[in-house]
1. Please report His89, His176 as a ranked list, fewest other C-beta atoms within 10 angstrom at the top and most at the bottom.
2. Which is farthest toward the positive dipole end of the chain among Asn122, Trp7, Leu36, measuring Cα position about the Cα centre, with Cβ charges +1 (Lys, Arg) and -1 (Asp, Glu)?
3. Between Arg58 and Ala105, what is the label-to-label distance in nm when each label sits 7 Å out along the Cα-to-Cβ direction?
4. Any idea how far apart Gln115 and Thr73 come out in nm if each label point goes 7 Å out from Cα toward Cβ?
5. Return the distance in nm (one decimal) between the two label points of a simple spin-label model at Asp11 and Ala138, each offset 7 Å from Cα along Cα→Cβ.
6. In debye, nearest 20: dipole of the chain around its Cα centre with unit charges on the Cβ of K, R (+) and D, E (-)?
7. Taking one equal scatterer on every alpha-carbon of the range 108-191, how large is log10 of I(q)/I(0) by Debye at q = 0.12, 0.16, 0.26 1/Å?
8. To the nearest 10 degrees, how steep is helix 29-42 against the longest Cα principal axis of the chain, on a 0 to 90 scale?
Amino acid sequence: MKQRCGWCSDDPIYQSYHDHEWGKPLYNEHALFELLCLEGQQAGLSWITVLKKRECYREHFFQYSINDIANITDQQLISKLTDSGLIRHLGKLKAIRDNALAWQALKQEVGDVTQWLWQFVNHIPQNNLIEDYRQAPAQTEISQMMSKTLKKQGFKFVGPTICYAFMQACGMVNDHENHCSFKKVNTIHTI
């Protein structure tokens with residue numbers, strides 16, 4: 001029988017996310033961009049709320065095509081506020097577009113944004129010993145540095161707590177509980 005982290009409820013969407021995505025190293029540019037944007041959408045909300053809306057975000061934001069998102073107008077973003085499948089917060093929706101623009105600029109500057117992001121952990125997933133998920137930090141010095149650097153690059157909704165959640169989700173840090181059946185799963189994960 002699979003043992004999961006204590007934060008994972010019995011919701012099938014949550015269980016699938018926990019089992020197949022969370023904490024697995026992710027190196028796909030578009031998937032990392034999507035994840036960074038979705039983590040920002042979570043601010044003040046539960047992650048399951050965002051997961052349940054993920055497909056709607058993909059539909060509205062061109063399957064996270066960075067170039068297409070960068071061309072969305074303010075008026076188009078305002079019109080998205082009528083869809084209950086999205087989190088109806090204009091600042092958060094604008095952040096997705098602004099983050100696409102920032103991603104493009106960063107890509108021009110550094111070339112490979114995926115490698116640039118992974119340099120925060122020296123390109124090596126960090127495995128933390130976590131007995132209980134409540135022991136995991138909300139932020140770390142590394143997530144604070146990532147947040148500060150991303151903000152300087154023009155990214156929005158990338159505070160240190162959001163950056164740490166992003167690092168957990170994309171496998172930069174493995175905060176699965178020690179008893180979790182998925183603690184040892186550290187294969188490269190691409191979508």
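1. In increasing order of surrounding Cβ atoms, one gets His89, His176.
2. Leu36
3. 3.0 nm
4. My value for the distance between the label points is 3.9 nm.
5. Label at Asp11, label at Ala138, 2.1 nm between them.
6. Details: 20 positive and 20 negative charges, 59 e Å.
Dipole size: approximately 280 debye.
7. So the normalised log intensities work out to -0.37, -0.65, -1.37.
8. 90 degrees
Throughout, read-outs are computed from the coordinates displayed, never taken from laboratory work. All values reported here derive from a predicted model rather than from experimental measurement. Positions of Cβ are backbone-derived with ideal geometry, glycine not excepted, and every protein chain shown enters the neighbour counts.
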